[in-house]
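**Q** After the structure tokens below, expect a handful of questions from me.
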Amino acid sequence: MKDALFQPIKLGSLSLQNRIVMPPMTRSRATQPGNSANDMMATYYAQRASAGLIVAEGTQISALGQGYAWTPGIYSEEQITGWRKVTDAVHEKDGVIFAQLWHVGRVTHTANTGGEQPISSSALKAENVKVFIDNGTDEPGFVDVVEPREMTKEDIKNVVAEYRQAALNAIEAGFDGVELHAANGYLVNQFIDSEANTRTDEYGGAIENRLRFLGEVIEAMTDAIGADRVGVRLAPFTSLNGTVDKTPVETYTAAAVLLNKLNVVYLHIAEVDWDDAPDTPTVFKHNVREVYQGVIIYAGKYNGDKAEQAIKDGLADMIGFGRPFVANPDLPNRLRNGYPLAQHDPNTLFGGGEKGLTDYPEYHAD
């Protein structure tokens, strides 16, 4: 029995039934054309509504914010209506669901952006990074990303406004809140990390400047829907999609200080999770706990025991289980009872239909 994981917790004005988070995972099954959420996605999330909190898959805030084929958006009426199916289905099962708002910046190809050149903090191409495009078959076709152009002040203003509108759209679509995707090498991360940002204006150089865009986006979203409905995801130590920071402990401790000042409801930290990945430095986890007063979520290579320990140690309030949720719709029940976990089929993660999405069964003891 995992006691700590099953204690209720307050998240702003929301009461969550446990401390298990289903983190955002791209599944690329939005309806085409239009990139709208659909009934199949509603079934998928509703099956997993026993999580204390679901953060839905990365959802682009504009056509230019899209990095991969078949990912959902939240900028058209049709997309808002599609997401309403999902949120209704999750709420019917007493679940809580946040939208993850996403702009990929340079991590894309013109095939995914309607032919428009991508934008980023700087005109730097992400090295050795591929994205998938619709190549006319059911299988995603992987291609190299293209070089972005550096965002002007006007671009920055426009994108901040798009985030604000996307937050309003998410609430209109029935989400309980939103998570800003500021991790994994996407646009906000391209401003934060020193090696992806060569700007010489107030958005580049010193840590404070590199965090400015993050702060402006958060302020716009919290002004629109309230700070108690806005969380943020960061990935301090990953080099995913080609962004690297020279002083991650310093940079991301400063980010936690800023997010505390802006009163965001949670901080969601993606830990590196490939097989021989280094552990997140304990000193960093202590720093974050010291400077940030909201709910802290960690996601990475957690199993039930490791999650339980992290909460008991007081360094985390909730734990995200990514891949285990793919094949285990009833993951909280399995963790609570020590039932075995099913393994997912990696070939059905991206694109396709119900297979590998909604057809994983719940656990039944023989």
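**Q** Place a +1 charge on the Cβ of each Lys and Arg in the chain and a -1 charge on the Cβ of each Asp and Glu, then give the dipole magnitude about the Cα centre in debye, rounded to the nearest 20.
**A** Its charge dipole is roughly 500 debye.
**Q** Right, here's the next one. Against the globular-protein guess of 2.2 N^0.38 Å, express the Cα radius of gyration of region 208-359 as a ratio, rounded to two decimals.
**A** 1.15
**Q** If you roll a 1.4 Å probe over the chain with all protein chains in place, what percent of the accessible area is carbon or sulfur?
**A** 48 percent
**Q** Taking amide hydrogens as modeled 1.01 Å from N in the peptide plane, which residues meet the under 5 Å criterion relative to GLY320, leaving out close sequence neighbours?
**A** Amide H neighbours of GLY320: VAL21, TYR298, ALA299, GLY300.
**Q** Something else: Just how many % of Cα pairs in region 143-183 lie over 11 Å apart, if you round to the nearest whole percent?
**A** It works out to 72 percent of all Cα pairs.
**Q** Which Cα, out of VAL146, ALA173, VAL283, lies furthest along the positive dipole direction of the chain (beta carbon charges, K/R +1, D/E -1)?
**A** VAL283
**Q** Sticking with the crude label model, points 7 Å out along Cα→Cβ, report the distance from THR137 to ALA206 in nm, one decimal please.
**A** 5.3 nm
**Q** Is there a pair in LYS130/LYS312; LYS130/LYS301; LYS157/LYS246; LYS130/LYS246 whose C-alpha atoms are over 31 Å apart, and which pairs would that be?
**A** LYS130/LYS312
**Q** R0 = 30 Å: FRET efficiency of LEU14 with HIS344, Cβ-based, nearest 0.05?
**A** About 0.60, to the nearest 0.05.
**Q** Tell me, Kirkwood radius of region 144-217 from alpha-carbon pair distances, in Å?
**A** 13.4 Å
**Q** Still on this structure: Work out the FRET efficiency for ASP39 and SER76 from their Cβ-Cβ distance, taking R0 = 22 Å, and round it to the nearest 0.05.
**A** 0.75
**Q** When averaged across all projection directions, what area in nm² does the alpha-carbon convex hull of the chain cover?
**A** 16.5 nm²
**Q** At 1.4 Å probe size, with every protein chain present, just tell me what the per residue accessible area of region 241-366 comes to in Å².
**A** Normalised by residue count, the accessible surface of region 241-366 is 48 Å².
**Q** Hey, another quick one. Please report the orientation-averaged projected area of region 277-366, defined via the convex hull of its C-alpha atoms, in nm².
**A** About 7.6 nm², averaged over all directions.
**Q** So what J values fall out for region 125-141 if you push phi through Karplus, 6.51 cos²θ - 1.76 cosθ + 1.60 with θ = phi - 60°, rounded to Hz, Gly and Pro as x?
**A** Using θ = phi - 60°, the values come out as 6, 6, 7, 6, 10, 10, 10, 10, 10, 7, 9, x, 10, 7, 8, x, x Hz.
**Q** From largest to smallest, what semi-axes in whole angstrom does region 109-254 give when each is the square root of 5 times an eigenvalue of its alpha carbon gyration tensor?
**A** Those come to 24, 22, 15 Å.
**Q** On to the next question. Using a Gaussian network for the chain with springs between C-alpha atoms less than 10 Å apart, which of these wobbles most: ASN209, ASN337, ASN189?
**A** ASN337
**Q** Let me check I've understood the local charge: for THR81, count other residues with C-beta under 15 angstrom from its C-beta, Lys and Arg +1, Asp and Glu -1. What total comes out?
**A** Overall, the nearby charge balance is -3.
**Q** Continuing with the same structure: In whole Hz and in residue order, list the ³J(HN,Hα) couplings for region 147-163 that follow from phi through the Karplus curve 6.51 cos²θ - 1.76 cosθ + 1.60, θ = phi - 60°; x for Gly and Pro.
**A** Per-residue couplings from phi come out as 6, x, 9, 5, 5, 7, 4, 5, 4, 4, 4, 5, 5, 4, 5, 5, 4 Hz.
**Q** Hey, which lysines would be in cross-link range of LYS85, C-alpha to C-alpha under 22 Å, not counting anything within fewer than 8 residues on its own chain?
**A** Those lysines meeting the cut-off are LYS93, LYS355.
**Q** Helix-only estimate, please: 222 nm mean residue ellipticity of the chain, summing -39500 (n - 2.57) across DSSP H runs of length 4 or more and dividing by its residues, to the nearest 500.
**A** -9500 deg cm²/dmol
The values are calculated or read from the model by the stated rules, or taken from the named source; none is laboratory data. Keep in mind the model is a prediction, meaning the values are calculated, not measured. Cβ coordinates were reconstructed from backbone atoms using ideal geometry, including for glycine residues, and neighbour counts include every protein chain displayed. Note: areas computed on protein heavy atoms with side chains; ligands, DNA, RNA excluded. Shrake-Rupley method; radii C 1.70, N 1.55, O 1.52, S 1.80 Å.
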